[in-house]
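> One structure is given below, represented as structure tokens, and several questions about it will come after.
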Amino acid sequence: MDQRAKAERLRALHVPGEPLLLLNAWDAGSAAVIAKAGAQAIATTSAGAANALGYPDGQLVTLEQMLTMVAPIAAAVDLPVTADMEAGYGDSAEDAAATARGVVEAGAVGLNLEDTPDAGGDPLLPIDGFVAKIAAVRTAGDEAGVPLVLNARTDIFIGQVGDPATRLDRAVERGRAYLDAGADCIFVPAVTDAETIDGLVKGIGGPVSILAGPGSPSLEDLAALGVARVSVGSGAYRAALALARRMAEEAYREGRLDAMTAAQVSFAEAQTLFER
């Protein structure tokens, strides 16, 4: 598929009640493994990518640095790739447009964009400011000939912004505004209870994306709630870190390599991951 076809395919995979499951990749190798396991699309993790570059998560890398992590992933698989581009590396519409153009040039066909300001200050961008960024992403994608799939993220819950009693209503308000502006899906991380997820799905009235992790409903239950997209963020990357830690502790504290030899794929299998 060319990029346009991949973008159209990715958009079509967002079906409420039949959620697209994304195990986020942090490099080309993890993307290839995930693809070969049967994934329909590949999502990147900004946290995993930032850590691989030697930074903590939180938009501390540059746009250019993040794109250097996205491009090898897009080149390694024949699936649609959606990139976690944090807050778009700037608060203006033009910053968002530049990010969108970079995503297309890197070979991806979708992106996450969050409504946390890049420069600090208020915990969330004003709705009209984020709406302008969404419109700029839409325009940049159209001009490039790739109808980018935009997963617009609101950080009301993950940032614990404002009165807890009003968070659901405010997330719904933002979600509706973002869909009206051209977003394809609304991502609300840090929501784990079924009642709130149900309220988001019914209130927003469009595709909703949920971050799965400890305490979240099962994949079957998320489907029953009408969720359209489920991702794990940096979860798979952190699981890989846990294995690396276990291997290292076993090697240096016990003088054994059992965990490594039991878990590793063969050299030959690793080689085939990149055969095209």
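Bear in mind that the values in this text are calculations on the coordinates, not laboratory data. Note that the structure is a prediction, hence the values are computed from the model and not measured. Here the Cβ is made from the backbone with ideal geometry for all residues, glycine too, and neighbour counts use every protein chain on show.
> Inside the range 201-276, counting only helices (runs of 4 or more DSSP H) that do not spill past its ends, which hold 1 or more residues that are closer than 16 Å to GLY29 by Cα?
235-249, 258-263, 267-272
> GLN65 passes all but one of (1) under 16 Å from the mean Cα position of the chain (by Cα); (2) in a helix (DSSP H, G or I); (3) not charged (D, E, K, R); which number fails?
Only one criterion is unmet by GLN65, namely (1).
> Six or more apart or on different chains, Cβ under 7 Å: which pairs go from a residue in the range 107-136 that's in a strand (DSSP E or B) to one that's among the basic types (Lys, Arg)? Could you list them?
Short answer, once both residue conditions are applied: ASN112/ARG153; LEU113/LYS133; LEU113/ARG153; GLU114/ARG153.
> On to the next question. Determine which single condition LEU200 fails, assuming it passes every other condition in (1) more than 15 Å from PRO19 (Cβ to Cβ); (2) hydrophobic (A, V, I, L, M, F, W, C); (3) in contact with a helix residue (DSSP H, G or I) (Cβ under 8 Å, 6 or more places away or on another chain).
Condition not satisfied by LEU200: (1).
> Inside the range 1-36, can you point out the residues that are small (Gly, Ala, Ser) and either under 21 Å from ASP221 (Cα atoms) or free of Cβ contacts under 8 Å to residues at least 12 places away in the same chain (or both)?
Within the range 1-36, ALA5, ALA12, GLY17 meet the criteria.
> Out of everything in the range 29-48 that is of a type in the set (Gly, Ala, Ser) and in a loop (DSSP other than H, G, I, E, B), what residue ends up being nearest to LEU273 (Cα to Cα)?
ALA37
> Select from the range 12-40 the residues that are out of contact with any strand residue (DSSP E or B) (no Cβ under 8 Å at 6 or more places or on another chain) and not aliphatic (A, V, I, L, M) and write down the one among them that is nearest to GLY206 (Cα to Cα).
Filtering the range 12-40 for residues that are out of contact with any strand residue (DSSP E or B) (no Cβ under 8 Å at 6 or more places or on another chain) and not aliphatic (A, V, I, L, M), the one nearest to GLY206 (Cα to Cα) comes out as GLY17.
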